[in-house]
């Protein structure tokens, strides 16, 4: 079944072999197959992690499989709040192994939850300074870099945070949150040209569905800080144009899942994303069962597998619905919070305009910047075309119009 790309049916079979152990000699092969599938395919986490690995004493098994079992048992203990028990499992992992690095990351995240930033930073640095595989564990490395950058940002070490963000090398379509956080970092460093470049990079088609109301907030703040008041107000209006229907749906108390923007935002939840990928895998594999109808129908295997997939699809879709309802409520609350911030910012922009108009006249003139005709820097007018390999290098030419005594920031 595994070789025919029916990964879930294979997992169900391997689960029964490992759980019931009617033939103990098959246990290592079953666990090895489960470990192989879980590293490459979406899988039923309740079945594998909760019902099998967390709830089964395996006795003596070979070292590589022991790491697999100990890691997930420790992870489940951490999730359930049994930290001491989780540490016992993690302490048995082979140092420098695939799962030992994942366990280090879990420890660091736990320190973040406790708001022990220095403790978390120390663990994260240990991961990056080790001999961790750059290919096999790219996800751990990039998650570690982003977590470190966030800590450095919280500690107001903006230059170090920016350098850490720049070292992330995950696929560009997975870097939307990196670009947004990097833009905030540049904003606090007052490097507005770089910050605006990152914000415009987020307009690329690769990030079309990314729920990102705060980019309008940062854009408006930058324009306001540079006294471009009209375009600062335009950024507020852009927010309303993009998210106005979603905000109206929330206020009108209509079903949140009927709004495409709110649905796209909810589906970016990591747990919901994993469940959605597993649901799609089940649906795809169930559809492929018909390809083997002639061979499997007479002996009853086709009907048996169809029943397994049908029951699992119904189960995972119920879980998806419950998680989706909960996530949609959180997204709606977050969007209303941004709407409130944008309304407040619009009021502050109006005050700034009023102060500028009513301020004392000044004889000083604005120093206008012009694009040089020659020199080491080359400027291009943006034509709306995005190339993924250029997104990290965007700079936005914008002049500071807060001059003389009229600087009110």
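Worth pointing out:
Residues are listed down the side, and each one gets a yes or a no for (1) more than 22 Å from the chain's Cα centre (by Cα); (2) under 23 Å from residue 139 (Cβ atoms):
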{"residue": "169", "(1), (2)": "no, yes"}
{"residue": "178", "(1), (2)": "no, yes"}
{"residue": "186", "(1), (2)": "no, no"}
{"residue": "214", "(1), (2)": "no, no"}
{"residue": "218", "(1), (2)": "no, no"}
{"residue": "222", "(1), (2)": "yes, no"}
{"residue": "225", "(1), (2)": "yes, no"}
{"residue": "229", "(1), (2)": "yes, no"}
{"residue": "232", "(1), (2)": "yes, no"}
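- The set of residues in segment 160-171 that are assigned to a helix (DSSP H, G or I) and either in contact with a strand residue (DSSP E or B) (Cβ under 9 Å, 6 or more places away or on another chain) or crowded, with 18+ Cβ neighbours inside 10 Å (or both) comprises 161, 162, 164, 165.
- Selection status of residue 47, in contact with a helix residue (DSSP H, G or I) (Cβ under 9 Å, 6 or more places away or on another chain), touching a residue at least 24 places away in the same chain (Cβ under 8 Å), closer than 30 Å to residue 313 by Cβ and buried (at least 16 other Cβ atoms within 10 Å of the Cβ): yes
- Consider segment 126-142 and keep the residues that are surrounded by fewer than 19 Cβ atoms within 10 Å (Cβ to Cβ), at pLDDT 90 or above and under 21 Å from the mean Cα position of the chain (by Cα). The one that is farthest from residue 96 (Cα to Cα) is 142.
- The residues in segment 86-127 that are within 21 Å of residue 67 (Cβ to Cβ) and without any contact (Cβ under 8 Å) to a residue 24 or more places away in the chain can be counted, and the count is 11.
- Answer residue from segment 197-206, given it is in a helix (DSSP H, G or I) and more than 17 Å from residue 342 (Cα to Cα) and is farthest from the chain's Cα centre (by Cα) among those: 197
- Boolean, residue 98 is under 22 Å from residue 34 (Cα atoms), out of contact with any helix residue (DSSP H, G or I) (no Cβ under 6 Å at 6 or more places or on another chain), modelled with pLDDT under 95 and surrounded by fewer than 21 Cβ atoms within 10 Å (Cβ to Cβ): yes
- One residue from 274, 209, 194, 240 being touching a residue at least 40 places away in the same chain (Cβ under 8 Å) and outside any helix (DSSP H, G or I): 209
- For segment 243-256, a residue qualifies if it is surrounded by fewer than 18 Cβ atoms within 10 Å (Cβ to Cβ) and either modelled with pLDDT of 95 or more or in a helix (DSSP H, G or I) (or both), and the qualifying residues are 244, 245, 248, 251.
- Of all the criteria given as (1) free of Cβ contacts under 8 Å to residues at least 60 places away in the same chain; (2) crowded, with 18+ Cβ neighbours inside 10 Å; (3) under 15 Å from residue 9 (Cβ atoms), the one not satisfied by residue 259 is (3).
The values are calculated or read from the model by the stated rules, or taken from the named source; none is laboratory data. Because the structure is a prediction, the values reported are computed rather than measured. Ideal geometry is used to build each Cβ from the backbone, glycine not excepted, and the neighbour counts take in all protein chains shown.
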